[in-house]
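Working notes for the structure below.
The values are calculated or read from the model by the stated rules, or taken from the named source; none is laboratory data. Being a predicted model, the structure only gives us computed values, none of them experimental. Heads up, the Cβs are rebuilt from the backbone with ideal geometry, glycines too, and the neighbour counts pull from every protein chain shown. Note: areas computed on protein heavy atoms with side chains; ligands, DNA, RNA excluded. Shrake-Rupley method; radii C 1.70, N 1.55, O 1.52, S 1.80 Å.
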Amino acid sequence: MNEVDCPMELASKRVLIVDDQPTNIELLETLLEEHGFEQLEGVSDPRQVLNHCRRQRPDLILLDIRMPHLDGFQVLEQLESHFAEQMPPVIVLTAQIDDQTRLRALSMGVRDFLGKPLRHDEVIQRLNNVLAVQHRYQVRDRQADELELMVAERTRQLEYQSRTDPITGLPNRRALLQHLDALARAGRSIGLLFIALDSLDDIVRLHGYGVTETLLWGLGDSLEEQLDASHYLGLWAGSELLIVWADATDLASLERLALVVHEHIQTNHHVGDLLLPLKARIGVHFAQGGEPERLVQMAALALPLPQRDNRHIQSYTRGLEAAQQKHLSLQQALHGAVLRGEFSLTYQPKVSLVDGRVQGVEALLRWYHPNLGWVPPEEFVPLAEASGDILAIGAWALEAAIRQAAQWYAEGRIADEFDVAINVAARQLSQKNFAERLLSLLVDHRLPCQHLSLEVTESDLMVDVETARTQLTLLSRAGIRIAIDDFGTGYSSLAYLKALPVSVLKIDRAFVDGLADNPEDQRLVRMIIALAHGCGCLAVAEGIESRDQAKLLKGLGCDVGQGYLYSAPLTADELVALCREAEPGLANLRACLDP
């Protein structure tokens with residue numbers, strides 16, 4: 001094939017020739033057909049171009065500038081007004097390409113020029129160049145659409161799985177809490193029946209888990225037949241059910257429902273040839289709104305004690321309030337915890353999957369209360385976000401991370417590519433002066449911006465996209481890396497990758513967990529890595545716990561890994577010791593990467 005023939009992948013591209021001289025159209029069609037182009041059309045009346053493109057948008061337009069009725073510039077204006085960013089690429093045909101014409105055409109989005117009389121090889125080469133670029137864009141967009149559909153479907157699956165108990169098919173604790181939260185936010189009255197199944201352990205011991213699981217599945221089905229649309233039945237824990245009654249009328253109605261449910265459960269149940277007895281206790285609570293977990297706790301507190309055989313149903317009263325002191329004390333303890341110096345940071349290494357070098361660390365927040373002990377982040381962070389304490393806590397964590405990184409930098413302990421990553425909450429990003437204050441902190445501590453990166457979850461970005469974009473753009477321009485945390489499980493939209501200055505995509509651990517056994521997760525991770533690299537981003541996998549996961553991720557092209565396979569979160573001194581051991585030999589960390 002001649003060097004200037006049309007490549008096979010471009011042969012089927014639709015080319016529209018616009019020239020007021022039919023002879024010129026015929027000559028161009030003949031030339032292009034000879035060189036392999038298959039779909040050619042011509043329009044000699046410029047007034048028909050827009051309607052023609054509306055019916056079937058071409059992949060490329062060859063447009064004469066000087067024509068009667070409408071000149072080429074007017075045609076371009078019509079196309080841009082109608083198609084905007086989707087306007088087909090245009091190559092201008094003209095016998096006179098003066099500077100003014102060229103600049104005007106370029107400002108209107110023209111891709112290239114062909115001077116008349118036409119040189120055949122030049123025509124084909126310029127068409128190939130423009131169509132090849134357009135083809136790459138189309139392939140990229142198609143792959144992005146494919147990935148977005150896959151992410152959306154996978155997110156739907158994960159959402160269903162995260163809300164459903166696999167043993168009974170009932171809504172699980174997460175779904176129950178979300179349902180309660182929706183009712184509470186709407187200000188609706190709520191009734192709860194907290195049901196404890198006391199004899200399940202005996203059935204497991206006597207008949208095994210298979211029989212017990214079948215019993216639970218059947219019980220869920222039969223209970224739902226006793227309830228109406230306003231009742232929401234779910235599994236709170238292994239042997240605990242919860243019924244939520246939306247718009248419950250009063251406590252007396254709740255207690256009557258509890259009697260019906262108790263009579264249904266506390267009887268013999270058929271499982272195959274077996275007849276299995278069940279015993280149950282029910283705690284009842286009626287409320288007008290409230291915090292979801294607290295509502296459930298009130299119902300659970302009302303459970304009669306197992307030894308009181310004559311009492312199987314009990315309602316919550318004010319006398320049980322004292323049992324809630326732990327939860328309330330936790331909320332109260334958060335206030336002023338920063339001033340009392342109760343927070344600290346640990347650091348989990350981020351390791352290159354190519355050579356095992358520590359590329360940076362993620363700073364993780366820890367809270368030790370003198371009376372409550374170590375409080376897990378999953379318990380106190382949601383409380384802090386709800387109360388607004390996250391602003392003070394987040395500000396402390398940022399400055400502590402910067403201070404530590406600045407110390408390492410001053411001591412010459414970190415390389416140029418090393419950065420300290422820290423999570424930023426939606427409330428922090430929504431502060432108008434967040435970026436300015438952060439940059440000022442870096443100046444005060446004499447830490448170059450390249451040594452700090454911020455991690456933001458997809459859901460936090462969506463709280464206020466415009467403010468987030470403004471803040472993160474300022475920080476990115478200064479040299480701070482922006483990472484999307486838990487990528488692929490939030491809103492599953494790729495649009496913000498174009499709008500936000502993202503330089504790192506962190507693959508959510510939900511995809512890493514099943515990577516070794518789940519081909520779908522492998523395919524999805526491969527596409528996320530390809531998307532990251534296509535957008536000029538690093539791909540970082542979190543939650544790596546096995547060598548098989550690390551090996552697969554390395555083979556898929558993932559750049560950096562993080563997880564307990566390499567190291568648990570460490571104090572600053574422990575991290576320095578680890579890096580001293582691992583460098584320059586890197587034996588400890590590289591061993592995790594070798595097959």
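Quick rundown of the values:
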item	result
Filter result for GLY238 (in the same structural domain as GLY272 (by the TED database), under 16 Å from ALA175 (Cα atoms), at pLDDT below 95 and open to solvent by 30 Å² or more (accessible area, probe 1.4 Å))	yes
Which numbered condition GLU33 fails, given (1) without any contact (Cβ under 8 Å) to a residue 60 or more places away in the chain; (2) closer than 19 Å to LEU118 by Cβ; (3) open to solvent by less than 30 Å² (accessible area, probe 1.4 Å)	(3)
Check on LEU441, touching a residue at least 12 places away in the same chain (Cβ under 8 Å), in contact with a Leu (Cβ under 8 Å, 6 or more places away or on another chain) and either open to solvent by 10 Å² or more (accessible area, probe 1.4 Å) or part of a loop (DSSP other than H, G, I, E, B) (or both)	yes
Evaluation of ASP460 against (1) modelled with pLDDT under 90; (2) in a helix (DSSP H, G or I); (3) surrounded by 15 or more Cβ atoms within 10 Å (Cβ to Cβ); (4) out of contact with any helix residue (DSSP H, G or I) (no Cβ under 6 Å at 6 or more places or on another chain) (one fails), failing number	(4)
Pair list, Cβ under 7 Å, 6 or more apart: region 58-74 residue in the same structural domain as GLY109 (by the TED database) and closer than 19 Å to GLU41 by Cα, other residue of a type in the set (Asp, Glu) and crowded, with 21+ Cβ neighbours inside 10 Å	ASP64/ASP19; GLY72/ASP64
Among the candidates PRO88, PRO117, residue that is open to solvent by 90 Å² or more (accessible area, probe 1.4 Å), assigned to a loop (DSSP other than H, G, I, E, B) and assigned by the TED database to the domain that holds PHE73	PRO117
ILE422 being of a type in the set (A, V, I, L, M), open to solvent by less than 20 Å² (accessible area, probe 1.4 Å) and on the phi < 0 side of the Ramachandran plot	yes
Matching entry among VAL18, VAL90 (being of a type in the set (Val, Ile, Thr), closer than 16 Å to LEU131 by Cα and out of contact with any Cys (no Cβ under 8 Å at 6 or more places or on another chain))	VAL90
Test for LEU158: is it in a helix (DSSP H, G or I), in contact (Cβ under 8 Å) with a residue 12 or more places away in the chain, surrounded by 12 or more Cβ atoms within 10 Å (Cβ to Cβ) and of a type in the set (A, V, I, L, M)	yes
Filter result for the condition that a residue is of a type outside the set (A, V, I, L, M, F, W, C), touching a strand residue (DSSP E or B) at 6+ places or on another chain (Cβ under 7 Å) and either under 24 Å from LEU301 (Cα atoms) or not in a loop (DSSP other than H, G, I, E, B) (or both), over GLY191, GLY187, GLY208	GLY191
Subset tally (residues that are acidic (Asp, Glu) and either crowded, with 22+ Cβ neighbours inside 10 Å or assigned to a helix (DSSP H, G or I) (or both)) for region 396-418	1
Positions within region 467-485 being closer than 14 Å to LEU439 by Cβ, open to solvent by less than 10 Å² (accessible area, probe 1.4 Å) and in a helix (DSSP H, G or I), in sequence order	GLN471, LEU472, LEU475
Members of region 120-139 that are surrounded by 13 or more Cβ atoms within 10 Å (Cβ to Cβ) and within 20 Å of GLN96 (Cβ to Cβ)	VAL123, ARG126
Region 258-305, residues that are touching a residue at least 40 places away in the same chain (Cβ under 8 Å), in contact with a strand residue (DSSP E or B) (Cβ under 7 Å, 6 or more places away or on another chain), more than 21 Å from ASP247 (Cβ to Cβ) and part of a loop (DSSP other than H, G, I, E, B)	GLN266, LEU278, LEU303
Checklist (1) buried (at least 17 other Cβ atoms within 10 Å of the Cβ); (2) of a type outside the set (Asp, Glu); (3) part of a helix (DSSP H, G or I) applied to ILE61, failing item	(3)
Some residue of region 71-79 being open to solvent by 30 Å² or more (accessible area, probe 1.4 Å), out of contact with any Gly (no Cβ under 8 Å at 6 or more places or on another chain) and among the small types (Gly, Ala, Ser)	no
Residue under evaluation ARG174, criteria (1) within 26 Å of ASN268 (Cβ to Cβ); (2) free of Cβ contacts under 8 Å to residues at least 60 places away in the same chain; (3) in contact with a helix residue (DSSP H, G or I) (Cβ under 7 Å, 6 or more places away or on another chain), criterion not met	(1)
Pick from region 36-53, criterion open to solvent by 80 Å² or more (accessible area, probe 1.4 Å) and not basic (Lys, Arg), ranking: modelled with the highest pLDDT	GLN48
